[in-house]
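Scroll down for the structure; my scribbles are underneath it.
What follows is calculated from the coordinates using simple rules that are stated; it is not laboratory data. It should be emphasised that the depicted structure is a prediction, and the values quoted were computed from it without experimental measurement. Backbone-built Cβ (ideal geometry, glycine too); neighbour counts: all protein chains shown.
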Amino acid sequence: MQSQTYPVRFSVDYPDRALNRTTTALRTLAAIPIFTVLAVVSGGTWQWSHESGSTPVALGAGGLLFFGPLLMILFRRKYPRWWFDFNLEFQRFANRAWVYLALMDDRYPSTTDHQSVHLDYAYPDATRDLNRWLPLVKWFLAIPHYIVLLVLDTVAVFGVIVAWVAILFTGRYPRAIFDFVAGVIRWNNRVIGYAFTLVTDRYPPFSLS
């Protein structure tokens, strides 16, 4: 029940049709432009100036705003709505790019439209829904998930390779592999929502569903 009602919800529409074999064969090359855009959006540091010079301080976690929301929740019990919206839209965009690279959709990732990838989480009331101290340790509490996801992500890569061969020969993405890869991405998104975008205090379930 927890995995079904977890605040971070993710799904990908299964492409019940013949996928483009040409773009599938060249997917790694075709994905370079959109991942270049993703890398540009993900970049950015803030220079902290002091007497000895300046020190770069990371503002985000892979493009996500992390440090700012952490401080606001900690000291003001607020989560600025525009920071929340940025994190959600950035995470949606990143998911579309990864879903494309994983061959789960042959339409080129849009920077605005959701396409076949669905990610959502509710805007939290920081005073009511979020413990002000947990953001300091969530990244640490999520360590068991990092370990499991390291294994699952590796298995998913091999699954995508098998799916790549299957699509080249049949035009179809094996449904069992599709569901597994989607589950791994879902698991990653729940951990990101808990530990880095800080939208929920509910510990992520160890589940692909």
Check your understanding: Within a Cβ distance under 12 Å of Leu119, other residues only, what is the Lys/Arg minus Asp/Glu net charge?
Key -> +3
Study note, to complete from the structure: Dividing the helical contributions, -39500 (n - 2.57) per DSSP H run of n ≥ 4, by the residues of the chain yields a 222 nm value, nearest 500 deg cm²/dmol, of -16500 deg cm²/dmol
**Study point:** Radius of gyration and maximum dimension Dmax of region 101-175, Cα, Å
**Key:** 18.3, 54
**Study point:** Convex hull of Cα atoms in the chain, direction-averaged projection (nm²)
**Key:** 13.1
Review point. Tally Lys/Arg at +1 and Asp/Glu at -1 over every other residue whose Cβ is under 13 Å from the Cβ of Ala30; what's the total?
Key: +1
**Study point:** 0 to 90° range, to nearest 10: angle between helix 67-76 axis and the chain longest Cα axis
**Key:** 40
